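These notes concern the structure reproduced below.
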Amino acid sequence: MLMLRNASTQILKQVVRHRTTDASLILERSINRVQLLGRVGQDPVMRQVEGRNPVTIFSMATNEMWRSGEGEPTSTGDVSQKTTWHRISVFKPGLRDVAYQYVKKGSRILVEGKLDYGEYMDKNNVRRQATTIIADNIVFLSENLQDQ
């Protein structure tokens, strides 16, 4: 009797585990979130592809700086800098129009959004990969070039 009870308990646990796994896959949450703080590299352009909503697009630069020999007791190495360029796309109707009107080259902004990966054909008919930040929030940190 004890053996039968253990066997039925094991079967019940497997059924519950199987159902829980299936349900957790459906209810599982994930995060695709990006925050960038930097400067706008070009004035925005608004594009519209046939049958789709318009999109405002601009580039943004972020900088990373480090000193060679960092982590050593006396860091006297050269300072190096790497600039990374990001493509920002704004689809959200209100934000898209605000970005088009107020984002300007050289402005310091904070962009929040998500990463998106895609492909496109360039003018030479070569397939290219593109990484884009789909913005859902923009915080303006400088109003004009004098504030920078």
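The table below gives the values:
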item: Tally, over the range 44-68, of residues that are of a type outside the set (K, R) and surrounded by 11 or more Cβ atoms within 10 Å (Cβ to Cβ); result: 14
item: Per-region count, the range 122-143, residues open to solvent by 100 Å² or more (accessible area, probe 1.4 Å) and either at positive phi or not basic (K, R) (or both); result: 4
item: Members of the range 92-114 found to be loosely packed, with under 12 Cβ neighbours inside 10 Å and under 21 Å from the mean Cα position of the chain (by Cα), listed by number; result: P93, G94
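The values are calculated or read from the model by the stated rules, or taken from the named source; none is laboratory data. All values derive from a computational prediction rather than experimental measurement. When we count neighbours, we look across all protein chains shown, and the Cβ atoms used for this are built from the backbone with ideal geometry, even at glycine. Just the protein is used for accessible areas: all its heavy atoms, side chains included, with ligands, DNA and RNA removed. Shrake-Rupley method; radii C 1.70, N 1.55, O 1.52, S 1.80 Å.
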